[in-house]
Structures are given as structure tokens and as C-alpha cells.
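Okay, structure first, notes after.
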Amino acid sequence: MTELTRRQFHRSAIGAAAVAALPAIARPATAPILQAREGNVRLAPEDYPETRIWGYDGTVPGPVLRARQGERMTQMFRNDLPQASTVHWHGIRIANDMDGAAGLTQPAVPPGSDFFYDFVLPDAGTYWYHPHNRTFEQMARGLYGALIVEEETGAPEVDIDEVLLLDDWRLTDKAQIAEDFGNMHDRAHAGRIGNWITVNAEGDWSRAVPRHSRMRLRLVNTANARIFSLEARGLDGWVVALDGMPLEASQPLGRITLAPAQRVDLVVDVVADEGAEAFLVSFEADGGYAIAAFPVAGTARDARLAAPGALPANPVPALGPLDTAIRTELLMEGGAMGGLRGAKLDGRSMDIRDMAAAGKAWAFNGMADMGETPLLEAGIGDTVRIVMKNDTAWSHGMHLHGHHFRQIAADGTTGPLRDTVLMGSGETVEIAFVADNPGDWLLHCHMLEHSAGGMMTWLRVS
Ligand code: C2O
Ligand code: CU
């Protein structure tokens, strides 16, 4: 997400002209500071050294930021990293200039500088924040945190509200982060898959809970590229929200697939016996592993609570008629075993060898990285349909900035609101949304080595 050279120059020229016309923004003297810096944390077991990380406030995860729906959030981002960075507020239907997309909505913040983020939170739910410059490196080093927006009213009654950030790390045998960020193999294959899975940066995360207590679990996949496949043991309940957005009707809990950047909110009751343990289990190629444990101590009440109602809906506009919507296709090509012969990069046609030399392995509609022109332009309020065809041998988690979309099935039925959709090899997925948020917005694969390797485009709402 960094190699935005030509476009970056182009945009910053426009930016400089526009800035003069803007009124000065009042910066509250009291804005909380979010400081990106190095730190040391215990990721691995006791017999290993601590791990040097980059984190918000020097920790991983960064602080859980909490606010209420409709409130304004201010954060003074202070960059004390040795690298330029930004903060992207993933899933927030945010004002464009606060989106943190380096090279598109703002220049990256140099080391030793700061940037004042000031935005309104239109939707309740589970969101998160992370850098949007050299994201494949900065997130792999530990820069991420949760942003929780509480419902104004109508939140389900729970005893425990827990945020669980799932990650995998590529660690050396000294428990240090392997510095092979963005290597060509990862770019052209499944991305950076780690060898150490953590929940909230702990290899053995655990919390004691009473039997029959009710929990809201907010799961976020903060890994660069790993797709988590999860089940609960000793917990029973419902999926109530995806990517922050409430489901119209809660779904019974079963196998959960969580692509990079996706979130799921669960409401679960502890049904394991006292003295036993409940678990969240991650299914890997070689079996299931408990990644979070809930030892059951005491009893909250004699029987389970009644099923919760659905969460209150967020104010996302309903789709307009699909037959008159703007419709665009996005052909996704490239990667290992993909047979891509070449693509355009920075306006030049390149064969696959020149692309590889430039670190590119993928193309959207024959173009690697963002071009000068958007994938599409929409007017405010237009309904937009994008048909995405995954003509590669790999899975991709496609993320749209500034909007939530619905998947349109072949029979025309619409799925739940999401901001990231997982697409298998060979799969075609159609999404639709109302373009109600003005600005230039990224559409990219959230497997971060894929987006760095070219899977990145943008669209304009004006
Ligand atoms: Cu979570 Cu473009 O990002
Ligand atoms: Cu991808």
C-alpha cells in the first residue's frame, strides 16, 4: 500500500491546493494521544525472550478505544516509529480525509510527526484500527487495536464484554519477528502466514468465567493473511454481527470463518460445567487448537438466559433498484500458478518478469496497483454493483473503504452488510452498496502481501 508513487504526487498536488481553502480545524488541547512506537512484549512462552514489536502506545494490541454511537472521536496520532505511518479506522464509515489511506486520503506521517484524527462514529459495533502505509510490515510488527462503538440503546444484556484480537506471528527461534516482510514468495502465494497464533498477543489467553454467564465476544482477525476457522466448545449462542454490522436475525453458532480484517460478534452462554473449561478452537491443517480458554469457576445463575433479540440496525441506506445501478466488473488475476503474463504498472505495460522485479504479482482489470483513474465513479446516493471474479489459484479477502456492502447472490437475494468479503479460488462475488460517502476510497485485498503485490484499486464518490 506504499508504492503509490505517481498517484501520490498527483494527489498531493491537489491536496495542497485544497488545504488552503479549508477552515482551520480546532484541535482540542485534550485530545488523547495514540503513540506508535517500539516496545517489548511477552508473545512466546517464558523460556523465550520477549519480542521486540511496534505497537500503539508501545503495546500489542494497542489500547481498546471505546466510544458511543454518534459520538465524535479525536486521536492525536504521534508517529515515533522509524518509518512513516498513518492510522486507518477499519470499517468506520468515516469522512474521507480521516480514512488514513496513505497516498490517497493523506500523505504518510513521517517519523517524529503527528496527525490529528477527528471523526464521527455513525455506526455501533466492533471495528479496529491499523496503519495504512507499508501495512504488510507494520501490522506484522504489531500495530493494531480495537475500536468499539457502543450502541446508543438496545445492546444485549451481557455479563462480560470481551474483545479478542486473533493474530499469527512469524517468529524466529529467538521469538523475534522475522524481518522477511513482503517477500516475493509471500506476495505471490497465500501471504505472510505465521508460525505462532495469539489472542490479544498471548499464546495462552484465558479468562475465568462463571457457568451460565453470558458473554459478548468480539472477534477480530488482525493477521496479515491467515484465514481463521473457528468453533466454540462449552459455549453456546449466536452470531449477532459481522464486520460491525448487526445481523437482522441472530444466527446459531457453528463454524466461523474469519478472513483477515473480518469481525464477528458472538453472544454466548457458558454451558461447560463448573471446574471444566470452555474454549475457542482454531482449526488448522493438522487439527484443532484451543486459542482462548474459559475456565469455569462458580455459577452466575441456575439456568441460561433467554435468547437475545437482534441488535439495533445501523443507519446504512437501503440499496436502490439493482437493475438501474452502476455496474462494474473487477477481474482478479495473477499469483503463483495463475498464468498472468503481464499488466500495466504506473501506466507502463510490463511483462510478468518486470512486474516481479517491481514486487508485483497481481492485477485488477489488467492493472497492478492503483491507476490514475478510478475503477468507477459514482454520484452520491447511487447504488453501485461490482462483480468481482477471482481468476487466481488463491483466496482473497476483498475490503472496501468508507462503505459497507451486501453480497448479491445469483438468485438476486442479498446477504448481510460487510466491509470485507472472502472469495475462494475461481469464485465470482457480486457486491452492491449505496455510494453515500463522498471521496476517493480504496478497494483492495486485505491479505496484505497481495495488496502490496498489486491487488489494489480505488473508486470515486462525488
Ligand atoms: Cu483494514 Cu485498507 O484496510
Ligand atoms: Cu488476496
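Residue farthest toward the positive end of the dipole of the chain, with Cβ of Lys/Arg at +1 and Asp/Glu at -1: which of VAL429, TYR48, MET350?
Positive-end residue among those listed: MET350.
Calculate how steeply helix 5-21 sits against the longest principal axis of the alpha-carbon atoms of the chain, using the helix alpha-carbon long axis, and give the answer as 0 to 90 degrees to the nearest 10.
90
Of all DSSP beta bridges located in the chain, what percent are antiparallel, nearest 5? Display every interim value, and only then the final one.
Values: 97 of 129 bridges.
So the antiparallel bridges amount to about 75 percent of the total.
With a ≥ b ≥ c taken as the square roots of the eigenvalues of the C-alpha gyration tensor of the chain, please select rounded if a/c is under 1.5 and otherwise prolate if a/b is larger than b/c or oblate if it is not? Could the numbers behind the result be given before it?
On the way: a/c = 1.40, a/b = 1.31, b/c = 1.06.
Because its axes are fairly even, with a/c under 1.5, the chain counts as rounded.
For the chain, what does the helix formula give at 222 nm: sum of -39500 (n - 2.57) over DSSP H segments with n ≥ 4, over the residue count, nearest 500 deg cm²/dmol?
Numbers: 5 runs with 39 residues, N = 462.
The helix contribution divided over the chain gives -2000 deg cm²/dmol.
Per residue, how much accessible area does region 160-299 have with a 1.4 Å probe, in Å²? Could you put the intermediate results ahead of the total?
Working: 4810 Å² over 140 residues.
Result: 34 Å² of accessible area for each residue.
Could you name the lysines in cross-link range of LYS389, using Cα to Cα under 30 Å and dropping any fewer than eight places away on the same chain?
Qualifying lysines at Cα under 30 Å: LYS344, LYS360.
The values are calculated or read from the model by the stated rules, or taken from the named source; none is laboratory data. As the structure is a computational prediction, the values presented were derived from the model and not from experiment. Here Cβ is always computed from backbone atoms with ideal geometry, including for glycine, and neighbour counts include all displayed protein chains. To get the accessible areas, we keep the full protein, side chains included, count just its heavy atoms, and leave off ligands, DNA and RNA. Shrake-Rupley method; radii C 1.70, N 1.55, O 1.52, S 1.80 Å.
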